[in-house]
Amino acid sequence: MSVAVIIVAAGRGRRFGGDIPKQYVPLMGTSAICLSAEAFLGIDGVTHVLAVIHDDDRDLYEQAMSGISDARLLAPVSGGDTRAQSVRQGLERLATEGIDRVLIHDAARPFVPVTVIENVIAALDETDGAFAALPVVDALWASEGSLATNPVPRDGLWRAQTPQGFRFAPILAAHRAHDGSGADDVAVAREAGLKVTLVPGSERNYKITTTADLERALIDMAASSPARG
Ligand code: CTP
Ligand code: MG
C-alpha cells in the first residue's frame, strides 16, 4: 500500500502579508512547511511526500527543508494560480508512481496531530475520500452591512481542515475533470460524485492565515518547548 502526501505551498499569503510567504516565515528555528512535512514523514505508512511550491520560492524551499534527510521527500513541483491547480500539479507528478492513497495538506497547518492523519488514512478503507473537520459551535448569523438579520441553523455544518485524503485514481480523475476553482479537494471530489467521510479534526490543526495566527503559533510552540524554564 503506497500512501502519498501532497503539501500545497504555492500560495502567496496575501491575507498574511509581509515579504515572504507565510509557509516560510521563521517559527522558532523552523517553518510551517518544514513542520508540515515532518508531521507526515513521522508516519510509517507514508511512502511519498511532495511539496507543490511557487517558482519564486525555490531558494526559500531549499533553505526551509535543508534539515530533512528522508528519501520519501521528493523534489518539489511548481504550483498554479489557484489551490486546486496546485493540487492538480502534485497529482500529475504522482500519477506514474503507483500510488494507492493520497493525502492533501495545507503547508499552512503545521501542527496537524498524528491521530488526525491516521484517522484520515484509516477511513479510506471504507470510502473514496475522508477529511478532518470540526463541528461549528458558535451561533451563526446572516447580516446586511453591520446589522444582524436572520439566525442560520448550524446543525450539520462543519469547518473543513486538511489533510483531505482520497483513493488516488478517483481524485486524479476528479481533478482532471474540474475547472480549478474549488476551494478544497472535498469540493472537487463531491463535484465528481465521490463519497467523502468526515473524521474528527483538531483545534490544534488551525491554519496560519493572518499574523494573529502566527503569534498564536509562536505562543503554542513556546509553551510546548522543552527549553521552557
Ligand atoms: N496554495 C497553493 N497554491 C495556490 C494557492 C494556495 O498551493 N495557488 C496553498 C497555500 O500555500 C496554503 C494552502 O494552499 O498552504 C491554503 O491556502 P491559503 O491559506 O489560502 O494560503 P494563501 O493562498 O497563500 O493565502 P491567501 O489566500 O491569504 O493569499
Ligand atoms: Mg488562498
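The values are calculated or read from the model by the stated rules, or taken from the named source; none is laboratory data. A quick note: this is a predicted structure, and the numbers were derived from the prediction, not measured. Glycine gets a Cβ as well: all are built from the backbone with ideal geometry, and neighbour counts include every protein chain shown. When the accessible area is computed, the model is the full protein with side chains, heavy atoms only, and any ligands, DNA or RNA have been set aside. Shrake-Rupley method; radii C 1.70, N 1.55, O 1.52, S 1.80 Å.
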Where a ≥ b ≥ c are the square roots of the eigenvalues of the C-alpha gyration tensor, would you call the chain rounded, which needs a/c under 1.5, or, failing that, prolate if a/b is larger than b/c, or oblate? rounded
Report, to the nearest whole %, how much of the accessible area of the chain belongs to carbon and sulfur atoms, 1.4 Å probe, protein only. 51 percent
Which distance in Å, rounded to a whole number, links the C-alpha centroids of segment 134-167 and segment 176-207? 16 Å
Spin-label model distance (nm) - Asp59 vs Ile43, 7 Å beyond Cα toward Cβ: 3.4 nm
Round to the nearest 0.05 the FRET efficiency obtained for Met221 and Arg72 when R0 = 25 Å and r is the Cβ-Cβ distance. 0.50
Could you compute the FRET efficiency for Thr127 and Thr209, with r as their C-beta to C-beta distance and R0 at 35 Å, rounded to 0.05? 0.75
As a check on your grasp of the helix formula, calculate [θ] at 222 nm for the chain: sum -39500 (n - 2.57) over DSSP H runs of n ≥ 4, divide by the residue count, round to the nearest 500. -9000 deg cm²/dmol
Solvent-accessible heavy-atom area per residue, rounded to whole Å², over the chain at 1.4 Å: 50 Å²
Sites Ala142 and Ala187, calculated FRET efficiency, Cβ-Cβ separation with R0 25 Å, nearest 0.05: 0.70
Longest exposed-site-free window of the chain, the sites being trypsin sites (Lys or Arg not before Pro) in a DSSP loop that have at most 14 other C-beta atoms within 10 Å: 16-153
For segment 48-130, which GluC sites (Glu not before Pro) pass both filters: DSSP loop (anything but H, G, I, E, B) and at most 16 other C-beta atoms within 10 Å? Glu97, Glu126
